[in-house]
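Structure first, then comments.
The values are calculated or read from the model by the stated rules, or taken from the named source; none is laboratory data. Please read these numbers as outputs of a predicted model, since none were measured by experiment. Glycine also receives a Cβ, built like all others from the backbone with ideal geometry; neighbour counts cover every protein chain displayed.
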Amino acid sequence: MLSSVRNTAIALFGAAALVAVVPAQVVIPNPPSPQIGSSNPVSAEPLVSRPSTTPCVVTLFSNLEFIDFNDKPITYTPPADCKGPWAKVVLTADFTVTAGRQYDRTAKFFLGGANIYFGTTAEPRSALSPSWHIERDVTDLSALFKDTQVGVASIANYYGVSGGVDYNGAIYSSATLEFYPASFRDPAPATPTAVYSFPTNETGRVSSSTDTVSGTFTLPRNTVRAYLDLVTQSQSSDEFWYTCVPNDVANELENCGNTGFRQTLVTIDGTPAGIAPVYPWIYTGGIDPYLWEPIPGVQTLNFKPYRVDLTPFAAQLNDGSSHTVAVSVYNADSGFDITGSLLLFADPFRPIVTGATTKNTLTATAAPTIAENLKTDTSGNITGTVNVTASSKYTIGGYVNTSFGRVDTTVEQTGTFANLQTYNITATQYQQLLTQTTTAHQVTTTRNGIFTDTKIRDVSYPLTLNYNQLGNADGTTAITTTVNQQNIDTLKQPFFGLPITLAASHETIQAADTLNYNAAGNFVSHTPTATTGQYRSFQLFEGCYDRTLTSVNSVLTAITDGKHCDDLK
C-alpha cells in the first residue's frame with residue numbers, strides 16, 4: 001500500500017552491508033552548477049540572481065554537526081562595511097551527509113525569531129555521501145539584519161543504533177548571508193519595515209482541522225501593508241496526504257484517511273483572512289528513494305514560502321490593540337509543521353494610520369465533495385475510483401488613510417482542488433493511480449485617488465502518481481512508480497486592457513523506477529531510474545531561463561539549456 005511505502009523503501013539504502021565511514025566533520029562543497037556524472041543532489045532551478053555590487057559576506061555558522069535533536073545556536077552581527085540599504089540579501093547554505101544509513105530530515109534556520117530557511121535533507125547510501133547547495137533571496141527580511149540577532153539552526157537527526165539498525169549518516173552544514181550594497185545601477189527595493197514571526201525560532205504542529213499555530217502581537221500603528229509568508233510542511237501520517245482517501249474506505253483501500261484534500265486557512269482574531277494551497281512536496285525518502293537521485297522533487301531541499309496578502313486588515317492590525325494571527329490546516333491528521341513571518345510596511349510620515357476592513361466574504365474552509373465508485377467482487381478484488389473536489393471563492397477589501405491619501409486594497413481569490421484516485425487491488429496486485437490539481441487565482445487591486453494598480457497571480461500544482469505493486473508466480477514482487485510533479489506560478493499586470501506578464505515560472509519533475517524483491521520479501525535490485533527535471537522562467541526586462549536536467553541510474557547524464565519560454569509570457 002502506498003501509505004507505507006516510504007518505510008519499506010527507506011530501508012533499501014541499508015540493504016547492502018554498510019561501509020565503515022569516519023565522519024569528516026566538514027562540509028564538502030558541491031559546485032552550484034550541475035556536474036555531468038555526479039550523483040549529488042541538483043536542481044534545474046537557477047541560482048538567485050546577484051546585483052553588480054560586491055557583497056559583504058557574514059558567516060552564520062561553519063561545519064555544524066547534526067547528530068542529535070538539539071538546536072544549534074546562531075549569532076549574527078551586521079556587516080560593518082555595508083550597513084545598507086542593500087540591493088539584495090542572499091542566504092547560501094551547503095550540506096553534506098556522510099555515507100551510511102539515514103532518513104531524510106527537516107532542516108530549519110531561524111534568525112531573530114524568523115525563519116530564513118526551511119527544507120529537507122537528501123538521503124545517503126552505503127557508498128554515497130551526498131553534498132548540495134541551496135540559496136534563498138531573503139531581501140524582504142532586511143529589517144532583521146540591521147541589528148545583532150540570535151537564532152538557531154535545527155536539523156533533528158537520530159544518530160545511533162535503534163532496533164538493531166545503525167543510523168550512521170551524520171549531517172553537516174555551513175551557511176552565509178551575502179549583503180549587496182545598493183547602487184545607481186542596482187537600487188535598494190522597498191522592503192518590509194518590520195518582521196514578526198510565529199512560532200519564534202521553531203515550527204508549530206497541527207494534527208487536526210481545529211488545531212492552530214498562532215502569534216499574538218501589538219503591531220506598529222502606521223502599518224499600511226501586511227503580508228504573511230507561510231511554510232506548511234506535511235509530516236508523519238500526513239506526509240503522503242495527497243494519497244489519502246475518505247475514512248469510510250481507508251481500511252479496505254489500505255490507506256490513510258481524511259481524504260486527499262488539505263488546505264491552509266489564515267485567521268485574524270478568529271476571523272478568516274486568507275487561504276493558502278498546500279504544496280504536495282515529496283521528500284528524498286518518499287515512495288521510492290531511487291526516484292530522487294540525483295534530481296529531487298520540486299522544492300524538496302528548499303521550500304518556498306507562500307505569501308498571503310493581509311493588507312485589507314492593515315487598519316485593524318495597527319489599531320494599538322493586540323491581535324492574534326493563526327494558521328490551521330483543513331483535514332490535518334498527524335500532522336503539519338508550520339512557520340509564519342508577518343511582513344509589515346509602514347507609512348514613512350504618519351505615526352498613526354487609520355482605516356477599516358470594508359468587506360470579507362471568506363468563511364471557514366468548505367468541506368470537499370466526495371464521490372466513491374468502488375466495486376468489490378466475490379473474490380475480494382477491489383476496482384474503481386475515489387474523487388474528491390473542493391473550491392473556494394472570496395473577496396476581502398479594506399482601506400488605510402496614508403500620508404499619500406486614502407489607499408483601498410481588494411483581494412479576490414478563487415481556488416480549485418481535484419484529487420482522482422483509481423484503484424485495482426487483487427491478491428497479487430495493488431495499483432493506485434493518482435491525478436491531482438490544485439489552483440489559486442488571485443486578483444489584487446490597489447486604488448489611490450485616480451490611480452489603480454492590479455496584479456493577477458495564478459498558481460497551479462499538478463501531480464500524477466502511478467504506484468503498481470505486482471506479485472509474480474514465483475513469489476517475487478516488483479513495485480513500479482512513475483511521478484510527474486509540477487509547480488506553475490505566474491504574475492501578470494493589465495496594461496491598457498492587455499495582461500502583461502511580470503514574472504512566470506514552471507518547474508516539472510518526471511521520474512520512474514521499479515523496485516524488485518525476492519520471494520522472502522527482501523530487496524534485491526531496481527531498474528535504472530530515469531528522471532528529468534525542467535525549470536523555465538520569464539522575468540520582464542530580464543528575459544527567459546530554460547534548463548533541463550536528465551539522469552539515469554542515479555547519475556546526472558545531460559544538461560540542456562534553451563530559450564523555450566514563449567508560453568510563459
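Quick look at the numbers
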| read-out | value |
| --- | --- |
| Total residues in the range 313-370, condition in contact (Cβ under 8 Å) with a residue 40 or more places away in the chain and either aliphatic (A, V, I, L, M) or assigned to a strand (DSSP E or B) (or both) | 35 |
| Condition met for residue 41 (touching a residue at least 24 places away in the same chain (Cβ under 8 Å), touching a Phe, Trp or Tyr at 6+ places or on another chain (Cβ under 7 Å), assigned to a loop (DSSP other than H, G, I, E, B) and not aromatic (Phe, Trp, Tyr)) | yes |
| Subset of the range 212-243 [farther than 30 Å from residue 434 by Cα and surrounded by fewer than 21 Cβ atoms within 10 Å (Cβ to Cβ)] | 214, 215, 216, 217, 218, 220, 221, 227 |
| Close pairs from the range 173-184: first part of a strand (DSSP E or B), partner at pLDDT below 95 and aliphatic (A, V, I, L, M), Cβ under 9 Å, at least 6 apart | 173/27; 174/26; 174/27 |
| Strands (runs of 3 or more DSSP E) fully within the range 415-490 counting 2 or more residues that are in contact with a Pro (Cβ under 7 Å, 6 or more places away or on another chain) and without any contact (Cβ under 8 Å) to a residue 60 or more places away in the chain | 451-460 |
| Residues of the range 491-517 classified as in a strand (DSSP E or B) and either free of Cβ contacts under 8 Å to residues at least 24 places away in the same chain or of a type in the set (Ser, Thr, Tyr) (or both), total | 7 |
| Only listed residue being charged (D, E, K, R), at pLDDT 95 or above and over 22 Å from residue 317 (Cβ atoms), chosen from 393, 455 | 393 |
| Among the candidates 336, 313, residue that is crowded, with 22+ Cβ neighbours inside 10 Å, under 23 Å from the mean Cα position of the chain (by Cα) and of a type in the set (Phe, Trp, Tyr) | 336 |
| Residue that is of a type in the set (Lys, Arg) and under 22 Å from residue 54 (Cβ atoms), where the choices are 125, 136 | 136 |
| Single condition residue 520 does not satisfy, out of (1) assigned to a strand (DSSP E or B); (2) more than 21 Å from residue 444 (Cα to Cα); (3) of a type outside the set (Phe, Trp, Tyr) | (1) |
| Qualifying residue in the range 36-44 (condition: polar (S, T, N, Q), at pLDDT 95 or above, in contact with a Gly (Cβ under 9 Å, 6 or more places away or on another chain) and surrounded by 18 or more Cβ atoms within 10 Å (Cβ to Cβ)) | yes |
| Odd one out for residue 260, checked against (1) under 18 Å from the mean Cα position of the chain (by Cα); (2) farther than 24 Å from residue 482 by Cα; (3) part of a loop (DSSP other than H, G, I, E, B) | (2) |
| Residues that are basic (Lys, Arg), farther than 17 Å from residue 106 by Cβ and surrounded by fewer than 20 Cβ atoms within 10 Å (Cβ to Cβ), drawn from the range 64-95 | 83 |
| Residue list for the range 364-415, filter: within 30 Å of residue 430 (Cα to Cα), under 32 Å from the mean Cα position of the chain (by Cα) and acidic (Asp, Glu) | 372 |
| Output for the range 99-121, where each listed residue is more than 18 Å from residue 134 (Cα to Cα) and surrounded by fewer than 24 Cβ atoms within 10 Å (Cβ to Cβ) | 99, 101, 103, 112, 113 |
| Flag for residue 558 being closer than 24 Å to residue 434 by Cα and either surrounded by fewer than 15 Cβ atoms within 10 Å (Cβ to Cβ) or hydrophobic (A, V, I, L, M, F, W, C) (or both) | no |
| Cβ-Cβ under 6 Å pairs, at least 6 apart or on other chains, the range 373-392 side closer than 19 Å to residue 247 by Cα, far side hydroxyl-bearing (Ser, Thr, Tyr) and in a loop (DSSP other than H, G, I, E, B) | 388/259 |
| Criterion violated by residue 31 - all others in (1) closer than 20 Å to residue 535 by Cβ; (2) not in a loop (DSSP other than H, G, I, E, B) satisfied | (2) |
